[in-house]
């Protein structure tokens with residue numbers, strides 16, 4: 001999807017790569033801008049923000065209440081950040097937490113809306129998101145199949161057109177045993193919708209690159225990964241976040257994996273044909289063969305040849321026939337050389 005281009009199908013190209021800022025902005029607008037710029041430089045297709053109100057969505061006795069107060073942006077700050085992203089030409093995705101944050105996202109010209117797993121049972125929010133006709137990412141982590149089924153039904157019934165079911169959850173970081181990539185196939189088969197993967201592997205591990213690649217192979221059309229600009233500071237959401245240059249490497253690797261996957265057919269590429277010509281065996285003369293001599297199994301062998309000849313499985317078309325001209329030893333034998 002290209003920013004501001006409604007003619008293009010949502011979530012293309014595949015994989016469509018989303019850079020998740022989460023709370024890495026630390027409540028600083030300039031830092032949010034810097035992270036957005038890093039996502040653009042890395043080649044992400046979208047930058048994703050989380051718009052919420054602490055008091056609207058969290059009670060004072062919750063363990064995160066105080067920290068959320070330091071991270072919260074007001075409406076005008078979010079509009080400024082979203083305008084900055086739009087000017088950079090990157091798609092803007094937003095996790096909406098309630099109807100108020102949905103209104104802010106729409107006012108800011110959001111391209112993609114995401115329903116967090118914490119809101120999968122908030123049916124009024126689901127209905128409102130679906131009715132915007134915006135592409136929707138539905139987080140399914142830590143949700144039951146009954147909850148997912150109900151959410152999918154509500155979204156589709158209320159007009160959601162471009163819906164992707166996102167597998168994955170944040171465990172700061174998420175361990176391989178909790179990743180369960182085969183769930184992607186279940187989601188795609190069971191619900192008949194495209195699927196994506198929100199990766200939260202340890203950013204200091206090779207798995208931060210390997211698991212998204214494996215998810216792509218497993219059928220994910222959308223790959224989401226946290227991004228930051230200084231992971232070494234260990235600020236909010238650093239555990240699974242890649243710095244800008246690392247995120248760029250991830251984008252490049254995913255593109256290489258996409259290319260390597262190829263098509264569902266069995267084509268012969270130019271490189272493969274060159275390999276075939278170089279290494280496949282052909283029918284060659286095992287001895288010097290004189291013109292008029294009848295060729296038997298003793299006269300031929302199967303060898304790699306500098307000039308490709310008749311394939312071994314076509315040898316019966318040569319046996320029992322006479323050579324039209326002299327055939328030196330180790331020369332390829334073609335069907336047109338016998339009668």
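The values are calculated or read from the model by the stated rules, or taken from the named source; none is laboratory data. All of these numbers come straight from a predicted model, not from anything done at the bench. Glycine also receives a Cβ, built like all others from the backbone with ideal geometry; neighbour counts cover every protein chain displayed.
The table that follows gives values for the structure above.
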{"item": "Residues that are under 16 Å from residue 93 (Cβ atoms) and at pLDDT below 95, drawn from segment 25-71", "result": "52"}
{"item": "Filter result (under 16 Å from residue 296 (Cβ atoms) and either surrounded by 14 or more Cβ atoms within 10 Å (Cβ to Cβ) or within 51 Å of the chain's Cα centre (by Cα) (or both)) within segment 323-339", "result": "323, 327, 333, 337, 338"}
{"item": "Top-ranked residue in segment 179-195 [being within 13 Å of residue 141 (Cα to Cα) and in a loop (DSSP other than H, G, I, E, B); ranked as nearest to the chain's Cα centre (by Cα)]", "result": "181"}
{"item": "Pairs with Cβ under 8 Å, 6+ apart, first in segment 2-18 and at pLDDT below 90, second outside any loop (DSSP other than H, G, I, E, B)", "result": "2/91; 3/86; 3/91; 3/92; 4/86; 10/112"}
{"item": "Condition met for residue 38 (touching a strand residue (DSSP E or B) at 6+ places or on another chain (Cβ under 7 Å), under 30 Å from residue 220 (Cβ atoms), in a helix (DSSP H, G or I) and assigned by TED's automatic domain parsing to the domain that holds residue 188)", "result": "yes"}
{"item": "Set 131, 114: member being surrounded by fewer than 22 Cβ atoms within 10 Å (Cβ to Cβ) and assigned by TED's automatic domain parsing to the domain that holds residue 194", "result": "131"}
{"item": "Qualifying residue in segment 48-67 (condition: in contact with a helix residue (DSSP H, G or I) (Cβ under 9 Å, 6 or more places away or on another chain), crowded, with 22+ Cβ neighbours inside 10 Å and farther than 19 Å from residue 198 by Cβ)", "result": "no"}
{"item": "Restricting segment 224-234 to residues that are surrounded by fewer than 23 Cβ atoms within 10 Å (Cβ to Cβ) and either within 24 Å of residue 139 (Cα to Cα) or without any contact (Cβ under 8 Å) to a residue 60 or more places away in the chain (or both), the residue that is farthest from the chain's Cα centre (by Cα)", "result": "233"}
